[in-house]
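Step one of this worksheet: look at the structure below.
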Amino acid sequence: MAKYLLLKHYRGAPTPANFVPMGQWTPQEISDHVQYMNDFAARLEQTGEFVDAQALAPEGTFVQYAGEGRPPVTDGPFAETKDLIAGWMVIDVDSYERAVELAGELSAAPGAGGKPIHEWLELRPFLAAPPTITE
């Protein structure tokens, strides 16, 4: 089994077919979208392929240790994960092909008007071993 991260983006990915910003969805459309995600996760729990999933709040802060007692807090003019990453799901599957299949299915979560979003999800394998350094 191999673990993969299915990463949902606020922006930065190609525009999905049914793009309407979530802020313009009705409460029922949001509820239907979340229910689809929950049902998808529950089905993967039954097959043993689900590890975890979380939606992320849009706020966040970079913190860096600067010595004795207080880390400075920065919020610079660079792309930050709070601006890019909406949430994620971790799956544990038998093959890359299965990971692609599940990512494609998750991409069809309903959005505005109940239509599948067909959003782009970033699929990333977990690093199984430290990278090999070659010179």
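All conditions in (1) loosely packed, with under 12 Cβ neighbours inside 10 Å; (2) of a type outside the set (S, T, N, Q); (3) modelled with pLDDT of 95 or more; (4) not in a helix (DSSP H, G or I) hold for Asp92, with the sole exception of (1). Just a yes or no: is a residue in region 21-32 at pLDDT 85 or above, open to solvent by less than 40 Å² (accessible area, probe 1.4 Å) and among the small types (Gly, Ala, Ser)? No: zero hits. Looking across region 4-33, the residues that are assigned to a loop (DSSP other than H, G, I, E, B) and either in contact with a strand residue (DSSP E or B) (Cβ under 7 Å, 6 or more places away or on another chain) or more than 16 Å from Pro116 (Cα to Cα) (or both) come down to Tyr10, Arg11, Gly12, Ala13, Asn18.
The number of residues in region 41-56 that are of a type outside the set (S, T, N, Q), farther than 18 Å from Ala108 by Cβ and open to solvent by 90 Å² or more (accessible area, probe 1.4 Å) comes to 1.
Taking Glu97 as the residue in question, decide whether it is of a type in the set (Asp, Glu) and at pLDDT 70 or above.
yes
The values are calculated or read from the model by the stated rules, or taken from the named source; none is laboratory data. Keep in mind it's a predicted model, so treat the numbers as computed, not measured. Backbone-built Cβ (ideal geometry, glycine too); neighbour counts: all protein chains shown. Accessible surface is based on the protein model in full, side chains and every heavy atom, while ligands, DNA and RNA are left aside. Shrake-Rupley method; radii C 1.70, N 1.55, O 1.52, S 1.80 Å.
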